[in-house]
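I have placed the structure first, in the form of structure tokens, so that the comments after it can refer back to it.
The values are calculated or read from the model by the stated rules, or taken from the named source; none is laboratory data. Since this is a predicted model, take the numbers as computed values, not measurements. Heads up, the Cβs are rebuilt from the backbone with ideal geometry, glycines too, and the neighbour counts pull from every protein chain shown. Just so you know, the surface numbers come from the protein's heavy atoms only, side chains and all, with ligands and any DNA or RNA stripped out. Shrake-Rupley method; radii C 1.70, N 1.55, O 1.52, S 1.80 Å.
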Amino acid sequence: MLKLQFVTCQSSFYHRMTTLSQTKELFRRAEAVCFDVDSTVIKEEGIDELAKFCGVGDAVTEMTRKAMGGSMTFKKALTERLSIIRCSREQVNKLITDHPPQLTPGVRELVDSLHQRNVKVFLISGGFRCIVEHVATQLNIPLHHVYANRLKFYFNGEYAGFDESQPTAESGGKGKVISMLKEQHGFKTVVMIGDGATDLEACPPASAFIGFGGNVVRPQVKERCSWYVTSFGELLKELEKI
């Protein structure tokens, strides 16, 4: 165990320094596990689904790909995508009702297993709180464990922008949330699980990062993490070793 004190995410060399076995050990003894939502906990990208629903799917999907690949700052991509979509409150509500987000197979069992072990579970998303809260409810995750972006609407329900003060609205925002959680709760070992560049960059301050490729494989994420899984069953199997 002594060795692990030196391999948590203390430098930009984490992904080369931390071995597969060390990452697995950090996951098994994590006090908190933070999940990305789009293309991780759920099968789809929420913003792409909203764009399709509003009839501007192709333009937004391409911008999402650039943002997740890290070739555009997250805030710039979010601003530009939302300026194309300009969804109303009614459209967002109708999307959730008509096309509710689809949970990735195995995530419910994994979250239940973590809860049974008294591990705190958080959802940290660059998506929209109204959609992520729906996901959290399905997984019995408290809503105060949800960190995501807030859409703003005028009184008549028309799109009015988004809350730019949320940490998740910017590149590096997920790391800021994890730093805050560590400070508030005194967590020593926090693991981040996700599919994209914004998840990878949350380590540090996360103690370890696990890449998830069950819905979409992003090569730059796969190459830079020591543990890359394509199903939540692999994580569940690791927990069962405890």
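Some observations on this one:
- Note on surface exposure: D112, D58 rank D58, D112 by accessible area, highest first, 1.4 Å probe.
- The lysines within cross-link reach of K237, meaning a Cα-to-Cα straight distance under 16 Å and a gap of 8 or more places when in the same chain, are K24.
- Trypsin sites (Lys or Arg not before Pro) restricted to DSSP loop in region 196-242 with at most 15 other C-beta within 10 Å: K241
- The HN-Hα couplings worked out from phi for region 152-167 by the Karplus form 6.51 cos²θ - 1.76 cosθ + 1.60 (θ = phi - 60°) are 10, 10, 6, 4, 7, x, 6, 4, 10, x, 9, 6, 6, 7, 5, x Hz, whole numbers, x standing for Gly and Pro.
- Tilt relative to the chain, helix 89-98 - C-alpha long axis, 0 to 90 degrees, to 10: 60 degrees
- Förster radius 30 Å - calculated FRET efficiency between R150 and S113, Cβ distance, rounded to 0.05: 0.50
- Shown here: Rg and Dmax of the Cα atoms in Å, derived from the displayed model; of the candidates (1) 17.4, 59; (2) 18.2, 60; (3) 19.4, 65, it corresponds to (1).
- In the full protein context, the chain carries 46 Å² of accessible surface per residue, based on a 1.4 Å probe and ignoring ligands, DNA and RNA.
- Under 18 Å, Cα to Cα: Lys pairs in region 46-139, sequence gap 8 or more or different chains: 4
- When a 1.4 Å probe is rolled over the protein heavy atoms, the share of accessible surface on the chain that falls to carbon and sulfur comes to 51 percent.
- Relative to the dominant Cα principal axis of the chain, helix 74-85 is inclined by about 30°.
- The chain: calculated mean residue ellipticity at 222 nm from DSSP helix runs of at least 4, using -39500 (n - 2.57): -12500 deg cm²/dmol
- Extension gain from K94 to D58, taking 0.36 nm per residue of separation minus the Cα-Cα distance: 10.9 nm
- The modelled label-to-label distance for the pair Q220/T19, using points 7 Å beyond Cα in the direction of Cβ, is 2.9 nm.
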